[in-house]
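*Asks:* Pasting a structure here, questions to come.
The values are calculated or read from the model by the stated rules, or taken from the named source; none is laboratory data. It should be emphasised that the depicted structure is a prediction, and the values quoted were computed from it without experimental measurement. Note that we place each Cβ from the backbone using ideal geometry, even for glycine, and neighbour counts take in every protein chain shown. Each accessible area value is taken on the protein alone, full model and side chains, heavy atoms only, with ligands, DNA and RNA left out. Shrake-Rupley method; radii C 1.70, N 1.55, O 1.52, S 1.80 Å.
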Amino acid sequence: MAEPKDKAANAASQEMLEVAASGGMETAWDRLEAMQPQCGFGELGICCRNCSMGPCRIDPFGDGPQRGVCGADANTIAARNLIRMIAGGAAAHSDHGRDVANALLDAASNPDSDYEIKDEIKLHEVAKYLQVETEGKDKLQIAREVAETALGQFGQQEGELLSALQAPEARIERWREAGIMPRGVDREIVEIMHRTHIGVDADYENLMKQGLRAALSDGWGGSMLATDLQDILFGGPTPIRGKTNLGVLEADKVNIVVHGHEPALSEMIVEAVREDELIEEAKAAGAKGINLVGMCCTANEILMRQGIPAAGSFLQQELGVMTGAVDAMIVDVQCWMPALVELCDTFFHTELTTTSPKGKVRGAHHIEFHEDRALEIARELVHTGIEAYKQRDASKVHIPDDQTDLIAGFTAEYVFEMLGGRFHPSYRPLNDGVIAGRLRGVAGVVGCENPKVREGYNHVEMIKELIRNDVLVLTTGCSALAAARDGMMTPEAAFKVAGKGLQEICEAVGTPPVLHLGSCVDNSRILMAATQMVKEGGLGEDLSDLPAAGAAPEWMSEKAVSIGWYFVASGVFTVFDRTMPTLGAPDLHQYILEDVGEIVGGKWAFESDPVAAAHLMIDHINERREALKLGPMMYEPVEVAAG
Ligand code: SF4
Ligand code: MSK
């Protein structure tokens, strides 16, 4: 059995894994071990249960069946499975976006709404690209029309998605030529489900074409709308100080953890925990107050807008409960583990509550969230934590003394202002930095954690290698939390790890070398930052011309698959640590490694060693620099400082 230090790279997680082992508590790592050997057909992508003539599986060694009962071969089966993964990821992001659009509609139409329009500048920007006329209209009317237009975009049957028209002209032309210009995300997902039904699309290339289109409808559609509408409702983030890791839990307070993805509820819980009445109630229960913290991408949402501490990332959710100090764990959608029920019930007093009609589990309480009673429900949820606190067993409390400072809250817009100054906001200084060789380029490092990989290790080692080589890193999701845990999100980190050119830029503008751009739905911010770089000029005409690359070095979810595909479809060289389940389908795998690059200009690579993966990205960035005829780099890479 692996040791805690082999399971997780950070000390707090290691400490809690010891607690888990000594207390006989099971974690995702244990369940992964119990699952060995995992199904080889599944890993290779060559099992199908799309109809009841199956399940069918292809023999990867060539001795057994090479076709399913219907005649589908390995390439067809693996491509169908893969684009169903894209559909799952795109659906998750985009349904999140739809809920935000509904909350915006509530804010605009319901005079008693608990929501308000916090970012009018963003409202006007979004109105512009959604072609909503603003002349002579007040903000509520504009917000109503923006929300209604956005809701219409999700289901747009024909015609090009309005948000995707923000891409550089050359990219749009490339999508049009390839026949993958996205329509509404609902339309694209339904088409995936239709094509992958028995007896429809059996051509792996044609299946993948629809996968590309659906991924684009996520990145440039559902996800982008989710991010933009959230900024309108909750305010566009600006740099803000925060803290992360399990040490942000407090032994003498009622600890409430909000976990999942959608900020519509968590923003209201932030308001509720600041109310005197609830604070007094917590004190009457014997606590010193209420400590609200986040987990996973909900953590990122309320960290970047409100500075609320982030207790942990995906693999820390069970470890957080094991501190014995979590009184309420409130979950909504995506990335919460059903395993929490047994952990909370068997070992702790923690009140686990689901809040979305889309995400329930037997054994947890359910308090359903409704936008039109948002604050009232938020108060009720906080109350569950105060009540549970009364049952807390102090002898079980074990909180690692480990938390790290960070700065979060960067956006495509803020990068613009930060670099050019308030009076001349512009991407010019960033582009000039790249052209002059002070910066080598830009990388987006994003995505999940996975117990198959030492937690956080790949994220941290890849990011360090990139910044050491003067690559500015933009990060989101659990990757951002791993980088922050390691201390890379403070300006001082630049002087410890970053290359000299990146150091100079960080010093000039006072930022960390690794910028936290939000949750996993906010990868659209990376697309927009890259788009602004192209539009600023001097670095080519298309996103694929930029000295830029992307990676998800510990990927796990279907959302990560959708993100990877919309990065590649947008022209980005993208590295995952493990392949997607396509190795049993040689033609499809070849298509992914080679052919797709010809079609969209973005390429895939798979490399499990994070430093080697970083060098694939650096090599690609260098190739782009050469193609753009940019000069040599100003400085040699620095050595990584010990520790
Ligand atoms: Fe088997 Fe074809 Fe049915 Fe899939 S769709 S389960 S390959 S018969
Ligand atoms: S929470 S999708 S594990 S980033 Fe967005 Fe983290 Fe991946 Fe979930």
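*Asks:* Kindly establish whether Asp59 is acidic (Asp, Glu), free of Cβ contacts under 8 Å to residues at least 24 places away in the same chain and surrounded by 13 or more Cβ atoms within 10 Å (Cβ to Cβ). Lay out the reasoning, then the answer.
*Replies:* Values: acidic (Asp, Glu): yes; free of Cβ contacts under 8 Å to residues at least 24 places away in the same chain: yes; surrounded by 13 or more Cβ atoms within 10 Å (Cβ to Cβ): yes.
Here the answer is yes, as Asp59 does meet what is asked.
*Asks:* Assuming Gly537 fulfils every condition listed in (1) closer than 27 Å to Ala299 by Cα; (2) away from ligand 2 (no atom under 16 Å from the Cβ); (3) open to solvent by 10 Å² or more (accessible area, probe 1.4 Å); (4) not aliphatic (A, V, I, L, M) apart from one, which condition is it?
*Replies:* (1)
*Asks:* Given the criterion modelled with pLDDT of 95 or more, within 30 Å of Ala78 (Cα to Cα) and away from ligand 1 (no atom under 16 Å from the Cβ), identify the matching residue among Gly477, Gly487, Gly501, Gly540.
*Replies:* Working: Gly487 fails: within 30 Å of Ala78 (Cα to Cα); Gly501 fails: within 30 Å of Ala78 (Cα to Cα); Gly540 fails: within 30 Å of Ala78 (Cα to Cα).
Result: Gly477 is the single residue among Gly477, Gly487, Gly501, Gly540 that is modelled with pLDDT of 95 or more, within 30 Å of Ala78 (Cα to Cα) and away from ligand 1 (no atom under 16 Å from the Cβ).
*Asks:* Next question. Test Met35 against the stated conditions and say whether it is exposed (fewer than 15 other Cβ atoms within 10 Å of the Cβ), farther than 30 Å from Pro400 by Cβ and away from ligand 2 (no atom under 16 Å from the Cβ).
*Replies:* Details: exposed (fewer than 15 other Cβ atoms within 10 Å of the Cβ): yes; farther than 30 Å from Pro400 by Cβ: no; away from ligand 2 (no atom under 16 Å from the Cβ): yes.
Here the answer is no, as Met35 does not meet what is asked.
*Asks:* List the strands (runs of 3 or more DSSP E) that sit entirely inside the stretch 295-394 and contain at least 1 residues that are over 27 Å from Leu406 (Cα atoms), of a type outside the set (S, T, N, Q) and open to solvent by 10 Å² or more (accessible area, probe 1.4 Å). Working first, answer last.
*Replies:* On the way: elements: 310-312, 326-331, 351-354.
Output list reads 351-354.
*Asks:* Which of the following residues is within 20 Å of Phe369 (Cα to Cα), surrounded by fewer than 20 Cβ atoms within 10 Å (Cβ to Cβ) and in contact (Cβ under 8 Å) with a residue 12 or more places away in the chain: Glu275, Glu250, Glu262? First the steps, then the outcome.
*Replies:* On the way: Glu250 fails: within 20 Å of Phe369 (Cα to Cα); Glu262 fails: surrounded by fewer than 20 Cβ atoms within 10 Å (Cβ to Cβ).
Sole residue among the options that is within 20 Å of Phe369 (Cα to Cα), surrounded by fewer than 20 Cβ atoms within 10 Å (Cβ to Cβ) and in contact (Cβ under 8 Å) with a residue 12 or more places away in the chain: Glu275.
*Asks:* Between Ala493, Ala530, which is within 19 Å of the chain's Cα centre (by Cα) and either more than 16 Å from ligand 2 (Cβ to nearest atom) or in a helix (DSSP H, G or I) (or both)? Walk me through it before giving the result.
*Replies:* Numbers: Ala493 fails: within 19 Å of the chain's Cα centre (by Cα).
After applying the criteria, what remains is Ala530.
*Asks:* Could you name every one of the strands (runs of 3 or more DSSP E) located completely within the stretch 544-622 that has at least 2 residues being crowded, with 24+ Cβ neighbours inside 10 Å? First the steps, then the outcome.
*Replies:* Numbers: elements: 548-552, 573-576, 604-606.
Because the criterion is at least 2 residues that are crowded, with 24+ Cβ neighbours inside 10 Å, the strands (runs of 3 or more DSSP E) in the stretch 544-622 that meet it are 548-552, 573-576.
*Asks:* In the stretch 483-505, what residues are open to solvent by less than 10 Å² (accessible area, probe 1.4 Å) and either outside the structural domain of Arg438 (by TED's automatic domain parsing) or in contact with a Ser or Thr (Cβ under 6 Å, 6 or more places away or on another chain) (or both)? Give the steps one after another, and end with the answer.
*Replies:* Initial filter on the stretch 483-505 (open to solvent by less than 10 Å² (accessible area, probe 1.4 Å)): 483-484, 488-489, 493-494, 498-499, 501-502.
Answer for the stretch 483-505, where residues must be open to solvent by less than 10 Å² (accessible area, probe 1.4 Å) and either outside the structural domain of Arg438 (by TED's automatic domain parsing) or in contact with a Ser or Thr (Cβ under 6 Å, 6 or more places away or on another chain) (or both): Ala483, Ala484.
*Asks:* Moving to a separate point now. All but one of (1) at pLDDT 95 or above; (2) away from ligand 2 (no atom under 16 Å from the Cβ) hold for Thr27; state the number of the condition that does not hold.
*Replies:* Here Thr27 clears every test but (2).
*Asks:* Condition first: touching a Leu at 6+ places or on another chain (Cβ under 8 Å) and either over 14 Å from Thr511 (Cβ atoms) or among the polar types (S, T, N, Q) (or both). Now tell me which residues in the stretch 457-477 satisfy that.
*Replies:* Scanning the stretch 457-477 gives Asp470, Val471, Thr475, Thr476.
*Asks:* Right, here's the next one. Could you list, in sequence order, all residues of the stretch 279-294 that are of a type in the set (A, V, I, L, M) and surrounded by 21 or more Cβ atoms within 10 Å (Cβ to Cβ)?
*Replies:* Looking only at the stretch 279-294, we keep the residues that are of a type in the set (A, V, I, L, M), and these are 279, 282, 284-285, 287, 290, 292-293.
Result: Ala282, Ala287, Ile290, Leu292, Val293.
*Asks:* Is one or more of the residues making up the stretch 213-231 among the polar types (S, T, N, Q), open to solvent by 10 Å² or more (accessible area, probe 1.4 Å) and not assigned by TED's automatic domain parsing to the domain that holds Glu301?
*Replies:* Going residue by residue through the stretch 213-231, those that are among the polar types (S, T, N, Q) are 217, 223, 227, 230.
Filter once more, so that each one left must be open to solvent by 10 Å² or more (accessible area, probe 1.4 Å): none.
No.
*Asks:* Looking at the structure I just gave you, is Pro37 outside any helix (DSSP H, G or I) and within 16 Å of ligand 1 (Cβ to nearest atom)?
*Replies:* Values: outside any helix (DSSP H, G or I): yes; within 16 Å of ligand 1 (Cβ to nearest atom): no.
In short, no.
*Asks:* If the requirement is being touching a residue at least 24 places away in the same chain (Cβ under 8 Å) and open to solvent by 10 Å² or more (accessible area, probe 1.4 Å), which of these qualifies: Thr238, Thr244? Step through it out loud before you land on a result.
*Replies:* Working: Thr244 fails: open to solvent by 10 Å² or more (accessible area, probe 1.4 Å).
One residue alone meets the criteria, Thr238.
*Asks:* Shifting gears a bit: Failed condition for Cys70, given (1) hydrophobic (A, V, I, L, M, F, W, C); (2) closer than 19 Å to Pro581 by Cα; (3) surrounded by fewer than 21 Cβ atoms within 10 Å (Cβ to Cβ), with all others met?
*Replies:* Among (1) hydrophobic (A, V, I, L, M, F, W, C); (2) closer than 19 Å to Pro581 by Cα; (3) surrounded by fewer than 21 Cβ atoms within 10 Å (Cβ to Cβ), the lone unmet condition for Cys70 is (2).
*Asks:* In this structure, does Ala178 turn out to be touching a helix residue (DSSP H, G or I) at 6+ places or on another chain (Cβ under 6 Å), away from ligand 1 (no atom under 16 Å from the Cβ) and closer than 30 Å to Met533 by Cβ? Before you say what the answer is, go through the steps one by one.
*Replies:* Working: touching a helix residue (DSSP H, G or I) at 6+ places or on another chain (Cβ under 6 Å): yes; away from ligand 1 (no atom under 16 Å from the Cβ): yes; closer than 30 Å to Met533 by Cβ: yes.
When the stated conditions are applied, Ala178 passes them.
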